[in-house]
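I have placed the structure first, in the form of C-alpha cells, so that the comments after it can refer back to it.
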Amino acid sequence: MRQSMCQRGASCHNITSCSVCVCVCVSQLKMSADSNPRALHEQLRAQGDAVREIKAQKGSKAEVDAAVQLLLKLKADYKQLTGQDYQAGRPPPDAVMNDEDHDEDDGDDQVDPWNVSTSSAKGVDYDKLIVRFGSSKIDQELVDRIARLTGKTPHRFLRRGIFFSHRDMHQILDAFEKQKSFYLYTGRGPSSEAMHVGHLIPFIFTKWLQDVFDVPLVIQMTDDEKYLWKDLSLEDCHRYAVENARDIIACGFDLDKTFLFSDLEYMGASPSFYRNVVKVQKHVTFNQVKGIFGFTDSDCIGKISFPAIQAAPSFSNSFPQIFGDRNDVQCLIPCAIDQDPYFRMTRDVAPRIGYLKPALLHSTFFPALQGAQTKMSASDANSSIFLTDTPKQIKNKVNKHAFSGGKDTVEEHRKFGGNPDVDVSFMYLTFFLDDDEQLEKIRQDYRSGALLTGELKKCLIETLQPMIAAHQERRKLVTDETVRQFMTPRKLRFNC
C-alpha cells in the first residue's frame with residue numbers, strides 16, 4: 001500500500017495500524033482502483049480488517065461509524081464495477097481482471113488486443129502470462145485426453161505447446177465424452193487485403209478441431225472493429241473482410257459445418273445476434289471496459305461498445321439458423337492469448353445473462369522476422385511473410401530479415417553452436433514443420449554447431465515455399481460464389 005501521513009503525524013504503511021487515520025489511508029488508495037476490481041476487492045478485505053481492529057481497540061463510536069460507512073461505500077463501488085456483491089475470500093472473476101494487475105517482476109511484456117512486445121529475445125514469458133491472466137496451462141494430461149477422446153494424434157500445435165493455455169477445456173471434453181456437442185468460434189480482424197502466415201495459426205488449428213470433433217464453426221470478420229481502430233474507410237474494411245475470407249476458406253473448412261460472417265452485414269440482419277450484443281452492453285460498465293482494455297475519455301464510443309460485439313458469437317442463440325433458440329450449446333474459442341481480455345469479460349457477464357461461459361484455447365504469438373520481441377504485423381512488409389509472396393520474395397525475406405541465433409563467424413558457430421530458442425527460422429519451423437524427429441534433429445544440430453545459420457534458413461525456406469504455393473493454388477479455386485455460400489446464414493450440420 002502507498003505510504004500516507006497519519007493524522008497523529010506518523011507515517012502509516014498499513015491501514016489497520018492506526019484507527020484514527022484508517023479512512024484517510026483507504027480513501028487515498030481508492031483513487032488508484034476505480035477501474036481495478038482486484039485492487040478494490042483487496043481494499044474491501046483490508047477495510048473489513050480495519051473495522052474489526054477499531055472495534056477490538058475500543059475505538060469511539062464516531063471512528064467505528066466512519067470505518068463502517070467507508071466499508072459500505074466500497075461494497076457499493078465494487079458491485080457497480082463488477083455487477084456482483086463482494087464476498088470475502090472470493091476475488092472477482094477472471095473476466096474483469098485489469099491487465100495492469102500483475103507483478104512488477106513480469107518484466108517488460110506488454111500484451112493486449114492491439115499491442116504485443118517484450119524485451120526478451122526468447123519472446124513473451126507465457127508461464128507468467130498464464131498467472132497474470134488467470135488461465136490454466138495445457139499439460140500433457142490434457143493433450144493425452146484429447147488424443148484419447150478423438151482417436152487422433154494431437155496436432156503439432158498441441159504437441160509443441162504452441163497452444164499452451166486454456167479455460168474450461170476439461171468441461172468441453174466432459175460434455176463431448178457424454179455425446180454432447182459444442183461449437184467453435186474464431187475470427188479475423190481484416191486490416192489489409194493480404195494475410196500473413198501468422199494469421200493462419202488459429203485457422204489451421206481450428207480446422208483440425210472441426211475435423212476431429214466434427215462440430216460446427218462460426219468465424220467472425222470484425223470489419224467494424226478495423227473501421228473504428230484504423231484510418232480506413234468502411235468500404236475498404238468490408239472489402240478486406242471478403243478478401244481475407246478467401247484465404248480462410250482456402251484452409252479447407254467444411255462448407256456444411258462453417259458459417260463465416262462480416263459484422264457489418266450480419267449484425268444488421270440478425271435480431272438474435274443484436275439482442276445478445278445489447279444484453280452484454282447493459283451488464284458491462286464503462287469502468288469495467290476501461291479497466292480491461294485501457295480505453296480513455298478520448299476514445300470514440302464505438303470502441304467502448306465493440307467488446308460486446310466480439311462477445312456475442314460466444315452464445316449459441318446468436319445463430320438461430322444453426323441452433324434455433326437454444327442457449328445451452330457451449331462454445332470453444334481457439335485464439336491468440338492477446339484476445340483473452342475480450343473473453344474474460346464475456347465469461348464474467350455470461351452467467352448474469354443466463355448463458356454458458358465460453359471455453360478457450362490460447363496460442364502463443366507468431367514472431368516477427370526481426371525477432372520474438374513482437375508479433376508479426378501486416379503493417380510492416382519486412383516483418384512478415386505474406387500469403388501472396390512469391391518463392392523469391394520468401395527466400396529474400398528469410399535470408400535478409402530473419403533474426404539469427406547463430407554466432408558471428410562460421411568458426412565460432414562450429415565451436416560454440418547457435419541458440420535455437422531465439423532464432424526466428426527455428427521458431428517458424430516449430431509452427432510449420434510437422435515431423436517431430438526432424439525438428440528435434442535440427443534443434444540439436446544447430447545447438448551443437450553442426451548446422452549453420454544459412455542452412456537453417458534454407459530448411460525454413462524449403463518448408464514455407466511449397467506450403468504457401470499450395471495455399472495460393474487453393475485460394476484460386478475460391479470463387480465469388482464460394483464466398484457467398486460460406487457467408488450466407490443457413491443451417492449447418494450439427495449433431496447434438
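Since every read-out is calculated from the coordinates, none of them should be taken as a lab result. Model, not experiment: these values are computed from the prediction. When we count neighbours, we look across all protein chains shown, and the Cβ atoms used for this are built from the backbone with ideal geometry, even at glycine.
Stretching ARG275 away from ARG493 to a fully extended chain increases their span by 76.0 nm, per 0.36 nm per residue minus the current alpha-carbon distance.
Taking the Cα centre of region 105-369 as origin, work out the dipole magnitude from +1 charges on Lys and Arg Cβ and -1 charges on Asp and Glu Cβ, in debye rounded to 20.
Using Cβ point charges on Lys, Arg, Asp and Glu, region 105-369 gives about 720 debye.
Legend: P(r) of region 275-422 from all alpha carbon pair distances, 5 Å bins from 0, whole percents, reading 2, 8, 13, 13, 12, 11, 10, 10, 8, 6, 4, 2, 1, 0. Distance between the pseudo-spin-label points of SER448 and ASP254 (7 Å out from Cα toward the beta carbon): 4.4 nm.
Here r is the Cβ-Cβ distance between SER233 and LYS79 and R0 is 56 Å; the resulting FRET efficiency, rounded to 0.05, is 0.85. Apply the Debye scattering formula to region 380-476, with a single equal point scatterer on each alpha-carbon and no solvent, then give log10 I(q)/I(0) at q = 0.16, 0.17, 0.22 Å⁻¹. These q points yield log10 I(q)/I(0) values of -0.66, -0.73, -1.09. For ALA450, the shell of other residues with beta-carbons less than 10 Å away shows a net charge of +1, using +1 for Lys and Arg and -1 for Asp and Glu.
Among the listed pairs LYS152/LYS180; LYS257/LYS357; LYS180/LYS476; LYS230/LYS257, a Cα-Cα separation exceeding 30 Å is found for LYS180/LYS476; LYS230/LYS257.
Normalising by residue count, region 105-369 has a Cα convex hull of 138 Å³ per residue. Cross-link partners for LYS441 among the lysines, with Cα-Cα distance under 16 Å and sequence neighbours closer than 8 places in the same chain left out: LYS457, LYS458.
In region 380-476, Cα pairs under 8 Å separated by at least six residues give a relative contact order of 33 percent.
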